[in-house]
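Report on the following structure.
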Amino acid sequence: MKRIYKHFIALAALLCMPAMASAVTGDVTGDGSADIDDVNMIINQMLGFETGLNCDTNGDGTVDVDDLNLVINVLLGLVPAPSEVTTFTVNGVTFTMVTVEGGTFTMGASDDDTEAGSDETPAHQVTLTDFSIGSTEVTQEVWQAVMGTNPSYFTGDLQRPVECVSWNTCSDFLAALNQLTGKTFRLPTEAEWEYAARGGKKSKGYKYAGSDIVDEVAWYKGTIPSNGPQTVATKKPNELGLYDMSGNVWEWCADWYDKSYYSNSPGSNPTGPTTGYSRVHRGGTWSNPNGEQLRVSNRDCLAPRNSSRYIGLRLAL
């Protein structure tokens with residue numbers, strides 16, 4: 001416990017600090033900020049004085065000194081604040097969006113990736129501005145709250161991702177959602193999707209979204225207990241707190257698909273070709289037998305009028 005108490009002198013000076021305005025991942029107490037009260041709560045849970053709290057601030061599945069140090073380091077200005085999370089409610093159903101700080105990353109598969117397809121190369125530098133992305137795939141519950149119907153093939157659990165939705169139908173859903181909320185929700189661009197899946201500025205360079213071990217983060221044939229997509233957010237999240245970006249269902253992106261687009265892609269906020277026959281989808285699916293399609297650089301496509309029990313969507317803003 002020595003690592004805990006060595007920060008106390010510095011923390012004393014922080015007792016009168018104003019709280020941050022936005023809800024963040026380290027907000028244990030639920031007051032909309034990561035502050036000294038969250039530090040105290042984590043210590044109390046570690047000492048056994050509190051139970052049932054969401055004190056796992058770093059999302060590694062345990063409550064320990066690393067969670068405490070994360071909040072302390074945020075307060076001392078030694079690391080950036082955790083990802084900002086915003087909650088929206090539509091017809092009584094809530095969903096969350098995670099703010100992704102923009103930056104420059106290498107998009108596409110590396111030369112030594114033996115599983116890469118020809119449409120994942122060449123790897124190239126891309127710079128993105130800030131955006132927000134859904135912490136989970138759009139659930140059947142959210143879709144039903146907006147559209148009044150559930151098109152999914154695999155029903156019975158409204159916390160599963162919605163599927164059997166075409167790209168065109170997703171456009172109708174987004175228009176209805178925006179009318180209800182007054183916002184401009186959209187599909188992520190392919191570059192935004194890959195940057196977020198890689199963990200943005202917090203990326204640790206994983207092969208899959210959040211791990212090099214596919215079973216930790218993805219629902220696919222090797223992990224699903226029964227055919228079909230599984231309840232969202234039941235696997236480990238990635239570095240940004242995003243769930244199921246590898247596996248569960250493919251996710252539609254905004255871009256038209258072009259196998260050679262990488263060779264001529266703009267370096268700043270690329271949005272894909274201006275025309276095409278198919279739209280990009282990313283992330284792999286529950287039906288993949290061994291996980292190779294679940295790599296963060298893998299790409300696929302489908303005509304925008306077509307739907308599939310393997311494809312859903314994730315919101316961007």
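Read-outs throughout are calculated quantities, based only on the coordinates presented, and are distinct from any laboratory measurement. Quick caveat: nothing in here was measured; it's all calculated off a predicted structure. Here the Cβ is made from the backbone with ideal geometry for all residues, glycine too, and neighbour counts use every protein chain on show.
By a straight-distance test (C-alpha under 20 Å), which aspartates and glutamates pair with K259 as possible cross-link partners, with residues fewer than eight away in the same chain excluded?
Counting by Cα, and skipping residues close in sequence, K259 has these aspartates and glutamates nearby: D111, D112, D113, E115, D119, E120, E190, E192, E194, E251, E292, D300.
DSSP beta bridges in segment 235-317, what fraction antiparallel, as a percent rounded to 5?
80 percent
Per-residue HN-Hα couplings for segment 95-101, Karplus 6.51 cos²θ - 1.76 cosθ + 1.60 at θ = phi - 60°, whole Hz, x for Gly and Pro?
8, 10, 10, 10, 6, 10, 5
For segment 197-278, report the translational diffusion coefficient in µm²/s to the nearest whole number, using Stokes-Einstein at 10 °C, 1.306 mPa s, and a Kirkwood Rh over Cα pairs.
Rounded, D is 109 µm²/s.
Using modelled amide H (1.01 Å from N, peptide plane; none on Pro or chain starts), what sits under 5 Å from the amide H of G247, excluding residues fewer than 5 places away?
G284, T285
Rounded, prolate or oblate: which fits segment 85-312, taking a ≥ b ≥ c as square roots of the Cα gyration tensor eigenvalues, rounded meaning a/c under 1.5, else prolate when a/b beats b/c?
It is rounded, given that a/c, with a ≥ b ≥ c, falls under 1.5.
Apply the Karplus curve 6.51 cos²θ - 1.76 cosθ + 1.60, θ = phi - 60°, to the phi angles in segment 116-130 and return the couplings in whole Hz, x for Gly and Pro.
Each residue's phi maps through the Karplus curve to give 6, x, 5, 7, 9, 10, x, 4, 8, 7, 9, 10, 10, 8, 4 Hz.
Once R0 is set to 30 Å, what does the formula 1/(1 + (r/R0)^6) return for the Cβ-Cβ distance between K207 and H124, expressed as a FRET efficiency to the nearest 0.05?
Efficiency, from the Cβ-Cβ distance: 0.95.
Starting with the fewest neighbours, write out S263, S287, S152, S226 ranked by other beta-carbon atoms found within 10 Å of each beta-carbon.
Least crowded to most crowded, the residues run S226, S263, S287, S152.
Does segment 154-255 come out rounded, prolate or oblate by the C-alpha gyration tensor, with a ≥ b ≥ c the root eigenvalues, rounded set by a/c under 1.5 and, if not, prolate when a/b is larger than b/c and oblate if not?
Taking the square roots of the gyration eigenvalues as a ≥ b ≥ c, segment 154-255 is oblate.
Take the residue pairs K183/K207; K207/K236; K202/K236; K204/K235; K207/K235 and return only those whose Cα atoms are more than 22 Å apart.
Over 22 Å apart, Cα to Cα: K183/K207.
Which of rounded, prolate, oblate describes segment 131-176, given a ≥ b ≥ c as roots of the alpha-carbon gyration tensor eigenvalues and a/c under 1.5 marking rounded, otherwise prolate only if a/b is larger than b/c?
oblate
Using each residue's phi in segment 207-213, evaluate 6.51 cos²θ - 1.76 cosθ + 1.60 at θ = phi - 60° and report the 3J(HN,Hα) Karplus result to the nearest Hz, with x for Gly and Pro.
Karplus values, whole Hz, x for Gly and Pro: 6, 10, 7, x, 5, 8, 9.
Which far-off residues, 5 or more places away or on another chain, put their amide H under 5 Å from the one on H281, with H placed in the peptide plane?
Long-range HN contacts for H281: C253, D300, C301, L302.
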